[in-house]
1. Points 7 angstrom from Cα along the Cβ direction at Ile277 and Leu428: gap in nanometres?
2. Which value in nm describes the separation of the simple spin-label points at Lys270 and Thr186, placed 7 Å from the Cα toward the beta carbon?
3. Pulled fully out, how much extra length does the chain show between Ala552 and Trp301, if you take 0.36 nm times their separation in residues and subtract their Cα-Cα distance?
4. If you build the Cα gyration tensor of the chain and take the root of 5 times each eigenvalue, what three semi-axes come out, in whole angstrom, biggest first?
5. Toward the positive end of the charge dipole of the chain, about the Cα centre and with charges on Cβ (Lys, Arg +1; Asp, Glu -1), which of Ala201, Gly541, Ile86 goes farthest?
6. Based on DSSP H runs of at least 4 residues, each adding -39500 (n - 2.57), what is the mean residue ellipticity at 222 nm of the chain after dividing by all its residues, to the nearest 500 deg cm²/dmol?
7. Quick one: check the C-alpha center-to-center distance for the stretch 490-540 versus the stretch 206-249, whole angstrom.
8. Can you list the aspartates and glutamates whose alpha carbon is less than 13 Å from that of Lys334, not counting same-chain residues fewer than 8 positions off?
Amino acid sequence: MLGLFDNDYGADGFRKCSVTGLQIHESVEKYVKLFALTAIVALLYGGIFAFTVAMTRWEVVGLLGPGDFYTHLSLHAWNLLIFWMIFMEIAILYVGGPMVLGRKLPLERLAQLGWGTMVAGALLVNYAIWTTSAPDQAPLLTSYAPLPSDPLFYGGAIVFLLGATISALPFFATLWFEKRENPDGTLPLVSFGAFVTGIIAVEAIVGGLVAFGYAFAWRIELIGSIDAALYRQLYWIVGHGSQQINLVAMIVVWYFLTHVVGGAEIVSEKVSRTAFILYLFFINLGAAHHLLSDPAVSTGWRIFNTSYAFYGATFASLIHAFAIPAGIEAGRRKRGLGGGLFGWLTSAPWKNPVFSSTIFSIILFGFLGGITGVLMGQLQLNMTWHNTLATVGHFHATVVLGTTVAFMGLSYFVIRTMFMRAFISPKLASIQPYFYAGAMSIATLMLMYVGILYGVPRRTVEVVENIPGTDFSLAAAAPLFNVFGLFALLAILGGVLFLVIAVGSVLFGRKLEPGDNDDLTPDGGLYADGGDPVHTYEMRGTFVLCLIFLGAFVITYVLNWYLLSQLWQIGA
Ligand code: HEM
């Protein structure tokens, strides 16, 4: 089809990638491309609603009325948070499994069936949301019962989740075959991370099937009523579980891309693997932070899950946050690219959009998404964040500035090394990550500010002029909304630029020969020859960065407690 799936494979169906050195089988590459392309279509579609939703929240424009707003918000959330992400994550599983292990994709028919089922589920969900009519309501992301949504919506969600399960089977089968053939071998770190992602995905999907199955049974009147509190607990197994898949898949992408384009060499794989295992045990318990304001669960349950248990996962993130930059620093110093404190960073390939996207994702996820996640996941501070636009700011920092930006970097990598296409405009491709991440960071910060400083609620059409039925005015937030609106527009433009470059390059980019991709490999090749073991090189630049991160964390933490104390005047 349009030559999109062609490459020069040997008689055995394999080819050697000139950048990663991996032996890639045609069957794997074909499906990585298929899932990645489908993800990009979902990004394009969901991105249209980023425009309509943002231009509604910016009341100066006030694009949509309440009836349409919730439909558009639901389409925005499902196409971006679920379809863009999960199609891409299946591609990541195939990269982390058969591609990294140099194997064929087993059970190819299942990959095909899984893709078809996921597409059918996604279409059903979109159709159900578009055609929702009273008494059914647009589901938003959460489809909280007892708010009724079209039964087709729950059916579509179930079909999509079943499709994702089928699509993941060839990945699990690959690991099974690999371990059977090499029982004493250790999986490469990227495959190991992908395996942990896969297990977390299974947990999330099981939760999703139960939650949506329960709601579906209620909507088709198989059962007479639904327990709203139980539904919320079940829902968050998939609602937050899918965010854990995004997080772990993103970290796998960080390890992979910083190594192949940045020259990173992981200093202690054991430590990084331990961090992945910590996720396995603790990360899902963090889902409880969505229920911090729920009356149905006990305070002890909330505190245990969101504090003691969840810090196991936070600790894992902090390990990765040290291990990845330390790997870049030590790997680049080993190559002689690291004079001074930050020479390893300043000499890095900042014009390469694969590298810059990955680094922006790491920094912005950590500083904006990670810190705010720990703050708002705490029982007391949650009171000032809950259901305000600050929450929306937090998760745009994680899923947009973190995961979406990382996945954009991965898409650029796939275009160059798998579609073997030159960018239609290398200059625009170099600028795009700066433009998108920069504009989206400001838009995200504004969402946090209007939420935390003024308490502006999320999921409403009109807020600044009045809150219907009250005298309470939020007009003071209007200037910040103007900044938000402008930067949201710029961010959307940055997203359009990504889509034009990605789709344009795949369709019209010059076909590359293997040698044409040499500019992607780090100076000195993928593995620096000779030299001392990587852990003997200095990592003081990373240590300083970690101290800056700690400083930002402490300041934000104290500031949030200060703001809370202003609301909650004990003894006044
Ligand atoms: C330029 C890019 C984007 C802009 C300007 C934007 C803007 C917004 C705004 C203003 C809202 C809040 C509406 C409200 O609560 O009243 C929102 C909600 C949301 N956005 Fe985005 N967004 C963008 C990209 C994304 C991406 C890439 C994702 C996912 C990967 C995403 C996921 C969501 C989700 C899940 C919601 C919440 C839906 C709900 O409350 O049910 N957004 N977005």
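Here, each number is a calculation from the coordinates, and none is a lab measurement. Source: prediction; values computed, not measured. Cβ coordinates were reconstructed from backbone atoms using ideal geometry, including for glycine residues, and neighbour counts include every protein chain displayed.
1. Each label point lies 7 Å from its Cα, and together they span 4.8 nm.
2. Each label point lies 7 Å from its Cα, and together they span 0.8 nm.
3. Details: separation 251, 0.36 × 251 = 90.36 nm, distance 2.94 nm.
Using 0.36 nm per residue and subtracting the Cα-Cα distance, I get 87.4 nm.
4. Working: eigenvalues 271, 160, 114 Å².
The three semi-axes for the chain are 37, 28, 24 Å.
5. Gly541
6. Value at 222 nm, helices only, nearest 500: -21000 deg cm²/dmol.
7. Their Cα centres are 39 Å away from one another.
8. Those aspartates and glutamates meeting the cut-off are Glu265, Asp523, Asp529, Asp532, Glu538.
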